[in-house]
Amino acid sequence: MSIPTRYYGERRLEDRDLDREASAKRTYEEHAYVLDYLPTGRNTADRYRHIAAPMVQVVGEDHFTLLELEIKPGLAVNLHERLYVGREKRDKVERIIGRIDYDELTATAKVELPVMVEELVKRRESHFVDFFNRSQAITPRMHALELLPGIGKKSMWHIIDTREKKPFESFDDIQRRAGIHDPAKIISRRIIEELTGESKYRLFVRAA
């Protein structure tokens, strides 16, 4: 059964639309959070990417971009510390080495990533509540809500029917009225799936 358009506006979000919208919204991270600190750098199979300087692996605050940064000499950083990575003068970051894939994260960074992502989701609650209120169909048979872990057709329709009556105001409101347990954790799990490359659709993570 196709998903009626009356709930989602006049058009669907096809694959090409998602790519186009992601490109239109593509921006650089302004801040990022430390997942691991490597005081002597990191060895890689690619000798051109070997960094023999203090560096950190971080996740971006807005688009969950995974980055490696070189830290200025003599400065210390802590796990989960917020660093400025924008284009103006940076206090602790010497330079941005570049984007990395999930598989390039250290063991420590992989452990810290879900913790940090969930914390960021909670801090940006209104942004993600808006997703529950405004998300649309991706194809005639799939809605963006169904891409969230644990959300099937039944739950999807219940969310849509509930938001039509009154938009959600908070994660607690979603849990109470739509019966979705711990929406922040569900969103966080989806973000991790996108970072690990387990899904072809990107709802929250910046495209490469």
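Each reported figure results from applying straightforward, stated rules to the coordinates on display, with no laboratory input. The structure displayed is predicted, hence computed values, not measured ones. Virtual Cβ from ideal backbone geometry, glycine too; neighbours counted across all protein chains shown.
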Review point. What are the residues whose amide H is under 5 Å from the amide H of ASP62, where those residues sit 5 or more places off or on another chain and H is modelled from the backbone?
Key: GLU30, HIS31
**Study point:** HIS143 long-range amide H proximity, modeled H, under 5 Å
**Key:** ILE138
Review point. Which order do peptides 185-196, 104-115 fall in by mean Cβ count within 10 Å, highest first?
Key: 185-196, 104-115
Review point. By average Cβ neighbour count within 10 Å, what is the ranking of 147-155, 116-124 from highest down?
Key: 116-124, 147-155
Review point. If eta is 1.002 mPa s and T is 20 °C, what Stokes-Einstein diffusion coefficient results for region 60-208, Kirkwood Rh from Cα pairs, in µm²/s?
Key: 126 µm²/s
Check your understanding: Under 5 Å between amide H atoms, partner at least 5 residues away or on a different chain: which partners does GLU169 have, H built in plane at 1.01 Å?
Key -> ILE174
Review point. How much FRET efficiency would the formula 1/(1 + (r/R0)^6) give for ALA107 and GLU146, where r is the Cβ-Cβ distance and R0 is 35 Å, rounded to 0.05?
Key: 0.60
Review point. Taking LYS153 as the anchor, which lysines have their alpha carbon closer than 30 Å to its alpha carbon, excluding any fewer than eight residues away along the same chain?
Key: LYS25, LYS122, LYS165, LYS166, LYS185, LYS200
Practice item. Indicate, rounded to the nearest 5 percent, the antiparallel portion of the DSSP beta bridges found entirely in region 31-103. Key: 100 percent
Check your understanding: Tell me, what is the FRET efficiency for ASP173 and GLU119 to the nearest 0.05, using R0 = 25 angstrom and their Cβ-Cβ distance as r?
Key -> 0.80
Practice item. Show me 52-58, 176-182 ranked by packing, highest mean number of other Cβ atoms within 10 Å first. Key: 52-58, 176-182
Review point. By a straight-distance test (C-alpha under 25 Å), which lysines pair with LYS92 as possible cross-link partners, with residues fewer than eight away in the same chain excluded?
Key: LYS72, LYS110
Exercise for review: Using only alpha carbon pairs under 8 Å that are at least six residues apart, calculate the relative contact order of region 31-103 and give it in whole percent.
Suggested key: 33 percent
